[in-house]
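Read the structure below first, then the notes.
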Amino acid sequence: KITRLSQSSNREHLVPCEDVLLTKPEGIMQIPRNSHRTTMGCQWRLVAPLNHIIQLNIINFPMKPTTFVCHGHLRVYEGFGPGKKLIAHLHGSKKEFILISSAAYLTVHFKTDESERKRF
């Protein structure tokens, strides 16, 4: 069984930067939009039901640096805590990316950093 995080009419909306117990077959998580902060970190720990895995569909990840948007990256780990394993690292501009876990636990970490800010 696969629990998916994607856009759908039967979806669960994930609160920014909070741990999530997945209760519906599909859901959506969004990176918080806060134009007043130039440095931000956000982490989600996703837990699917027993005997499920997670399919994470990244839809529209536009993290190109501009005058108004900081450079950022998204890291996806299998598991929690110090033993978690990095399975994806996204940065730049990626329209779509699909990742399937091998277990029911994922950690998703998003970070922007003003020191990485660039201008065209």
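The values are calculated or read from the model by the stated rules, or taken from the named source; none is laboratory data. If you're wondering where the values come from, they're calculated on a predicted model, not measured in any experiment. Positions of Cβ are backbone-derived with ideal geometry, glycine not excepted, and every protein chain shown enters the neighbour counts.
Quick look at the values:
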{"read-out": "Contacts under 6 angstrom Cβ, first residue in the range 45-56 being part of a loop (DSSP other than H, G, I, E, B), partner of a type outside the set (D, E, K, R), 6 or more apart", "value": "48/3; 48/22; 48/54; 48/104; 52/3; 52/104"}
{"read-out": "Of residues in the range 68-100 being in a loop (DSSP other than H, G, I, E, B) and at positive phi, the one modelled with the highest pLDDT", "value": "79"}
{"read-out": "Unique residue being touching a Cys at 6+ places or on another chain (Cβ under 7 Å), among the β-branched types (Val, Ile, Thr) and modelled with pLDDT of 70 or more when the list is 107, 38, 112, 23", "value": "112"}
{"read-out": "Residue match in the range 56-67 (condition: more than 16 Å from the chain's Cα centre (by Cα), at pLDDT below 75 and not polar (S, T, N, Q))", "value": "yes"}
{"read-out": "Residue 5 being at pLDDT 65 or above, under 15 Å from residue 101 (Cβ atoms) and surrounded by 15 or more Cβ atoms within 10 Å (Cβ to Cβ)", "value": "no"}
